[in-house]
Amino acid sequence: MPGLTAMAPLQKRLIVFSIPILLLLGIAVYGLLPDPGMGSRNLGCDRQPGRAQEICRRLEREMQWTWMGHAIISPGWRVTFKTITRTYCAEHVGPADIPALQTLRQATKDWRAESGADFLIRLIQNKDGGGGESMTSIFNPANPSFILRDGCSS
């Protein structure tokens, strides 16, 4: 039965050099997998009351799959600015929804729902230019990149 000692030197080197390469490849693939929560669109909307649940469900449907996180490769479903625009327009979110959004922001266990609710509150408060957002904020209507610059038509 031939063993490692009976192998040719080239085969031994190939095995020795293959092991670290396979380990690095395995680590890279593992790093590209989404975090358990990020791989799902589930924001826990069933635990939300009334209007907060409706808005939460829309956020779930409108989330986008992205690969980048905060300066890292981090695949997963995220609430993006497009998500906020589509949710705002489709759900006709307005000032009357602020209490529901505050409930969603405070009661959720998912940071994506929390940030979505926060973004929607900021959009409502600043839509008419009275919310005090900086000129560089996409929530300020005076900014050329204002999140609703094209209105709700797109």
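List the trypsin sites (Lys or Arg not before Pro) within the range 94-130 that DSSP assigns to loop and that have no more than 13 neighbouring Cβ atoms inside 10 Å.
LYS109
From the phi of every residue in the range 41-52, what ³J(HN,Hα) in whole Hz does the Karplus formula 6.51 cos²θ - 1.76 cosθ + 1.60 yield, where θ is phi - 60° and glycine or proline is x?
Working through the residues one at a time gives 8, 5, 9, x, 5, 4, 8, 9, x, x, 4, 4 Hz.
Please report the spacing between the Cα centers of the range 48-65 and the range 103-153 in Å, no decimals.
16 Å
ARG41: net charge of surrounding residues, Cβ under 11 Å, Lys/Arg +1, Asp/Glu -1, itself excluded?
So the surrounding residues net to +1.
Note down the net charge around THR80, summing +1 for each Lys or Arg and -1 for each Asp or Glu among other residues with Cβ under 12 Å from its Cβ.
+3
From the residues ILE121, THR83, THR66, which one has its Cα farthest along the dipole of the range 55-133 in the positive direction, the dipole being from +1 and -1 charges on Cβ of Lys/Arg and Asp/Glu about the Cα centre?
My answer, from the dipole projection, is THR66.
Quick note: the coordinates plus some simple rules give every number you see, no bench work behind them. Predicted model, so just to flag it, every value in this text is computed and none were measured. Note that each Cβ is placed from the backbone with ideal geometry, even for glycine, and that neighbours are counted across all protein chains shown.
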